[in-house]
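*Asks:* To start, I am sharing the structure in question, which I have written as structure tokens.
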Amino acid sequence: MATYKIGYFIGNLASGSINRTLSKALIRLAPDDLEFTEIPIRDLPLYSYDYDADFPPEGRALKDAIAASDGILFVSPEYNRSIPGALKNAIDWGSRPWGTNSFARKPTGIIGASPGGIGTAVMQSSFRSVLSFLDAPQLNAPEAYIKFNPEVFGADGEVKDESTASFLRHYMEEYGAFVERVLAASAPGHIGDQQPDPNKLSR
Ligand code: FNR
């Protein structure tokens, strides 16, 4: 059985993050052929193209971690109806310097939790535009907007409600299958491998 390396981002820096708790639940419920490594964003400076000539170690580590991942999973809150600044900063780092967009052709998934019923849906909608621009294939369905109930999620990622566990398990199965499909389509010799480099086509 092939194993896929999944790099995951937590979209914020808060110590009590409900999205970090959600990430633990997802890892527990994921298929055995997915191996997870967090890609940290805390120590990244605020991105500026002044860094492009000489990326700092944190920026290089981020790009190396994305390169080493078969797929990327974003587990993120919604801040002011959009992508939290810390996560957007990390994405900007990964997208540069020009011509070295680390997200190009990486299979991605987006999931997020909030205490309210909207469950990060508005953030995810704008996030999809960003990933499209970065030429990152996205799992389109199932969508996953999680209303976080502290009675359902244990701090260690235990999910105490079977219907929630079943939904999250299904999400991770679909995400794993999507990663496998995208990698197969971009394998050497496959027709998808003949596409021009998207980084060379537009800014
Ligand atoms: C929020 N929160 C929030 N929730 C939401 O559903 N939609 C939103 O637009 C916002 N906006 C927002 C902005 C800022 C600056 C903060 C600090 C919070 C509430 C948010 O969902 C809640 O704090 C979650 O706990 C955030 O997830 P983490 O950080 O705990 O993983």
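The values are calculated or read from the model by the stated rules, or taken from the named source; none is laboratory data. As the structure is a computational prediction, the values presented were derived from the model and not from experiment. Don't worry about glycine lacking a Cβ; one is built from the backbone with ideal geometry, like all the others, and counts go over all protein chains shown. Side chains included, ligands, DNA and RNA excluded: accessible areas come from the protein's heavy atoms. Shrake-Rupley method; radii C 1.70, N 1.55, O 1.52, S 1.80 Å.
*Asks:* Filter segment 123-156 for residues that are without any contact (Cβ under 8 Å) to a residue 60 or more places away in the chain and among the β-branched types (Val, Ile, Thr); which is farthest from the ligand (Cβ to nearest atom)?
*Replies:* So the residue we want is Val130.
One line per residue, one yes/no per condition, for (1) β-branched (Val, Ile, Thr); (2) crowded, with 19+ Cβ neighbours inside 10 Å:
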residue: Ile27; (1), (2): yes, no
residue: Pro31; (1), (2): no, no
residue: Leu34; (1), (2): no, yes
residue: Ile39; (1), (2): yes, yes
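*Asks:* Quick one: in segment 81-122, of everything that is hydroxyl-bearing (Ser, Thr, Tyr) and within 10 Å of the ligand (Cβ to nearest atom), which residue is surrounded by the fewest Cβ atoms within 10 Å (Cβ to Cβ)?
*Replies:* It comes out as Ser82.
*Asks:* Let me ask you something else. Examine segment 25-41 for a residue that is under 20 Å from Gly154 (Cα atoms), touching an Asp or Glu at 6+ places or on another chain (Cβ under 8 Å) and within 16 Å of the ligand (Cβ to nearest atom), and state whether such a residue exists.
*Replies:* Looking through segment 25-41, at least one residue is under 20 Å from Gly154 (Cα atoms), touching an Asp or Glu at 6+ places or on another chain (Cβ under 8 Å) and within 16 Å of the ligand (Cβ to nearest atom).
*Asks:* Oh, and also: Taking segment 52-77 as the search range and keeping residues that are within 16 Å of the ligand (Cβ to nearest atom) and aliphatic (A, V, I, L, M), which one is surrounded by the most Cβ atoms within 10 Å (Cβ to Cβ)?
*Replies:* Val75
*Asks:* Still on this structure: With open to solvent by less than 20 Å² (accessible area, probe 1.4 Å), at negative phi and of a type outside the set (A, V, I, L, M, F, W, C) as the only criterion, which of Ser15, Ser23 stands out?
*Replies:* Result: Ser23 is the single residue among Ser15, Ser23 that is open to solvent by less than 20 Å² (accessible area, probe 1.4 Å), at negative phi and of a type outside the set (A, V, I, L, M, F, W, C).
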